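Working notes for the structure below.
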Amino acid sequence: MTSSRQTLSKSERLKSYKKIRILFAEGQKFRVQPLLVFYQFSTNSDGRAQPDALQMGVSVGARYFKKAVDRNLLKRRIREAYRKNNLELKGVMHSGKTNLGVFFVYAQQEMSNYQLIEIAMVKALEILKEKVDKRHIIVP
């Protein structure tokens, strides 16, 4: 990976309803307060990783945040924290043959400020990096 730009392109977003449904049904999860992180590893049929080996999605439930303005604010904060801190995980993903789908669900009733979300995102990305490292050791 030669570029060090911190971007979140359209191809890096997990938008397919089918992929999201499979991720929730068959994937694994862990919690880093206030985030619930769902993830799933996959490979292509030819054994090579896709160009964008790391895709992410974000959700904030309308159950606790009735106003769309509040939900959108939290989603922007989560995406920004991910965008600023995912470079190391991207580097690990591009070195292997594995794809990773990640979905962040905001799982708290109160609004969180950006600093709290960023701290949780850094922890979540560290956990994901460890899981990717373990997977690359097991699967050559």
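For (1) modelled with pLDDT of 95 or more; (2) surrounded by 14 or more Cβ atoms within 10 Å (Cβ to Cβ), each residue gets a yes or a no:
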| site | (1), (2) |
| --- | --- |
| E12 | no, yes |
| K15 | no, no |
| F38 | yes, yes |
| A49 | no, yes |
| Q55 | no, yes |
| N72 | yes, no |
| Q115 | yes, no |
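Consider A68 carefully, then state whether it is of a type in the set (G, A, S), touching a Phe, Trp or Tyr at 6+ places or on another chain (Cβ under 8 Å) and at pLDDT 95 or above.
Here the answer is no, as A68 does not meet what is asked.
Conditions first: (1) touching a Lys or Arg at 6+ places or on another chain (Cβ under 9 Å); (2) crowded, with 18+ Cβ neighbours inside 10 Å; (3) part of a helix (DSSP H, G or I). A120 passes all but one, so which condition is the exception?
That leaves (1) as the condition not met.
Loosely packed, with under 14 Cβ neighbours inside 10 Å, free of Cβ contacts under 8 Å to residues at least 60 places away in the same chain, more than 13 Å from the chain's Cα centre (by Cα) and closer than 17 Å to L36 by Cα - does that describe any residue in segment 92-106?
no
The values are calculated or read from the model by the stated rules, or taken from the named source; none is laboratory data. Just so it is clear, the structure is predicted and the values come from calculations on it, not from any experiment. Backbone-built Cβ (ideal geometry, glycine too); neighbour counts: all protein chains shown.
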